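The values are calculated or read from the model by the stated rules, or taken from the named source; none is laboratory data. Remember, predicted model here, so these are calculated numbers, not experimental data. Positions of Cβ are backbone-derived with ideal geometry, glycine not excepted, and every protein chain shown enters the neighbour counts. Please note that ligands, DNA and RNA were not included when accessible areas were found on the heavy atoms of the full protein model with its side chains. Shrake-Rupley method; radii C 1.70, N 1.55, O 1.52, S 1.80 Å.
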Amino acid sequence: MPDASNDSSHHPATHVPTHVAVIMDGNGRWAKARGLPRTAGHKKGVDAVRRTVEAARELGIGYLTIFSFSSENWRRPEEEVSDLMQLLRFYLRSEIAELHRGGVRLRVIGDRTRLSKDIVQLIEKAEALTDGNRALTLVVALSYGSRQEIAQAARRLAEEVWKGQRDPASIDEDALEARLFTADIPDPDLIVRTSGEKRISNFLLWQAAYSEFVFLDTLWPDFGKRDLEAAIEEFHRRERRFGAIAESR
Ligand code: IPE
Ligand code: IPE
Ligand code: MG
């Protein structure tokens, strides 16, 4: 029999989760273990992003969301925040052409009001350029906090009611969902977190209602296609019931 261990084509397309979200954690610990500054870990983390986007495309995943910077990460030392923003500028400038060639559509979710103007412009340009691409949607969660996202959705609904545009009785799950950053993005099937931490850290709280979670000890800079495949294999072993009773099989 042919060895299928390094061949991803044995995954039937129907079994590939539509949406995989990743909490990319452990850059700091990766650097610390090598006696390097934290920024060195973040730089290596960018290489892991590149590998993961490529792997997601090869595996036929429809949506890949990566948690790049949380609302709470603004509390880190100014120098680390500015290094991370510099890396982001670098990524946006150097990778967009390549992503576009590969048919990747870029979407950025999060609070843009806290980002520098030049970064917002780079994001807008990249989103406009790649908007028609369909091979993979790469969703970058940046300055993103799920509680803030839900609160702003509630605020918008309240404003609509206040202006007389909406009856409070019409506020349901769909109405709130339509006001989240992820309005036109399906909920994640699988959420992977690296670095051994087992928490959600204010990521996609609403959207993760029925997501499967896979926690890996791998530190983010070491993450690659094999880890993504391992997480997907674990996902395949889970039985998703969505509150109903298992189908007999
Ligand atoms: C993840 O790595 C990257 C960001 C949160 C920006 P960390 O920087 O959190 O790395 P650790 O958790 O300190 O190892
Ligand atoms: C979560 O990682 C945010 C990102 C991966 C961008 P953190 O390292 O910030 O999370 P906590 O502080 O350990 O919960
Ligand atoms: Mg961390």
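Any residue at all in region 165-177 that is outside any loop (DSSP other than H, G, I, E, B), at positive phi and open to solvent by less than 30 Å² (accessible area, probe 1.4 Å)? The answer is no, given that none of the residues of region 165-177 is outside any loop (DSSP other than H, G, I, E, B), at positive phi and open to solvent by less than 30 Å² (accessible area, probe 1.4 Å).
Matching residues to (1) closer than 23 Å to K125 by Cβ; (2) out of contact with any Ser or Thr (no Cβ under 6 Å at 6 or more places or on another chain); (3) at pLDDT 95 or above; (4) not in a helix (DSSP H, G or I):
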{"position": "G28", "(1), (2), (3), (4)": "no, yes, yes, no"}
{"position": "R34", "(1), (2), (3), (4)": "no, yes, yes, yes"}
{"position": "V49", "(1), (2), (3), (4)": "yes, yes, yes, no"}
{"position": "R57", "(1), (2), (3), (4)": "yes, yes, yes, no"}
{"position": "F67", "(1), (2), (3), (4)": "yes, yes, yes, yes"}
{"position": "V81", "(1), (2), (3), (4)": "yes, yes, yes, no"}
{"position": "L99", "(1), (2), (3), (4)": "yes, yes, yes, no"}
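Let's see how each residue does on (1) within 13 Å of the chain's Cα centre (by Cα); (2) part of a strand (DSSP E or B); (3) more than 21 Å from V46 (Cβ to Cβ):
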residue	(1), (2), (3)
V192	yes, yes, no
E197	no, no, no
H236	no, no, yes
R240	no, no, yes
A246	no, no, yes
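Being in contact with a helix residue (DSSP H, G or I) (Cβ under 7 Å, 6 or more places away or on another chain) and over 22 Å from G62 (Cα atoms) is the requirement here; does I150 meet it? Here the answer is no, as I150 does not meet what is asked.
When you scan region 190-200, do you find a residue that is within 16 Å of ligand 3 (Cβ to nearest atom), touching a helix residue (DSSP H, G or I) at 6+ places or on another chain (Cβ under 6 Å) and of a type outside the set (S, T, Y), even just one?
yes
Which of the residues belonging to region 44-72 are within 11 Å of ligand 1 (Cβ to nearest atom) and either open to solvent by 40 Å² or more (accessible area, probe 1.4 Å) or in contact (Cβ under 8 Å) with a residue 60 or more places away in the chain (or both)? If the condition is that a residue be within 11 Å of ligand 1 (Cβ to nearest atom) and either open to solvent by 40 Å² or more (accessible area, probe 1.4 Å) or in contact (Cβ under 8 Å) with a residue 60 or more places away in the chain (or both), then K44, G45, A48, I66, F67, S68, F69, S70, E72 are the ones that fit.
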